[in-house]
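The values are calculated or read from the model by the stated rules, or taken from the named source; none is laboratory data. For clarity, every value in this text was computed on a predicted model and none was experimentally measured. No Cβ is skipped: glycine too gets one built from the backbone with ideal geometry, and neighbour counts run over all protein chains shown. In case anyone asks, the SASA skips ligands and DNA or RNA and just uses the protein heavy atoms, side chains included. Shrake-Rupley method; radii C 1.70, N 1.55, O 1.52, S 1.80 Å.
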Amino acid sequence: MDTTKTPAPNAAEADPQVDLDKSETTQDAAVEAKADADLAAATDADSALSDADLDDDFAEDQADAEQPGHVGSAAFAIVSAGLSVVALSGSWVAGIVSERASVAARLELSQAADANAQIAAQFVDPWHTTAMVNGVFSALALIIATFVLALPAFSTPERTLPTWVRSVSWAGIGLGALGLLLFVLMYFDLLLAIPKAGAA
């Protein structure tokens with residue numbers, strides 16, 4: 001019977017394997033910890049971005065709520081500019097009123113009316129009527145445009161009109177004032193003199 005014993009493995013030879021296993025375990029734990037830390041950091045960053053987006057949206061909504069809409073002011077500004085343009089270029093209302101004034105003046109003429117009376121009935125009265133209608137349109141345009149520009153002064157102090165609304169309103173004021181000037185010149189016969197018939 002063989003009594004020789006197999007030599008036991010040397011402790012120095014067994015230690016490297018154990019140390020290798022421990023180091024791998026430590027590295028795995030470090031990798032997992034780093035991955036968890038990166039995931040936590042990414043989650044925190046996403047949460048911070050989401051909170052910032054929500055804060056921005058809330059701030060924009062609050063600003064929109066505090067800043068009133070300018071739809072009405074814009075509409076009135078456009079109406080004033082349109083009325084002033086109509087007053088300068090003429091409208092079908094002025095044409096109808098002018099024709100009516102001409103017909104009414106002709107019906108009032110007598111058979112013995114002189115040439116000057118006929119000229120006044122056919123031209124002067126319609127001329128004055130057209131000037132009056134255009135003057136009414138100009139006055140309306142001027143009043144509306146002035147109201148639009150003066151509206152922020154009677155509302156909240158931080159309310160301001162957009163630039164284009166103020167520009168259109170100033171255009172309405174300028175054209176309306178020009179229309180009123182033309183009304184005065186036409187109605188009082190300062191722009192063109194009334195034609196007179198020569199003596200027979």
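For the reader, a short list of remarks on this structure follows.
- Residue within the range 186-200 that is open to solvent by less than 60 Å² (accessible area, probe 1.4 Å), over 30 Å from ALA115 (Cα atoms) and either assigned to a helix (DSSP H, G or I) or free of Cβ contacts under 8 Å to residues at least 60 places away in the same chain (or both) present: no
- ARG100 of a type in the set (D, E, K, R) and either modelled with pLDDT under 85 or within 31 Å of the chain's Cα centre (by Cα) (or both): no
- Selection of the range 113-140 for residues being of a type in the set (S, T, N, Q) and crowded, with 20+ Cβ neighbours inside 10 Å yields THR129, THR130, ASN134, SER138.
- Here VAL148 meets each of (1) in contact with a Leu (Cβ under 9 Å, 6 or more places away or on another chain); (2) open to solvent by less than 50 Å² (accessible area, probe 1.4 Å); (3) at pLDDT below 90 with one exception, condition (3).
- For the criterion of being β-branched (Val, Ile, Thr) and either closer than 30 Å to ILE194 by Cβ or in contact with a strand residue (DSSP E or B) (Cβ under 9 Å, 6 or more places away or on another chain) (or both), VAL133 passes.
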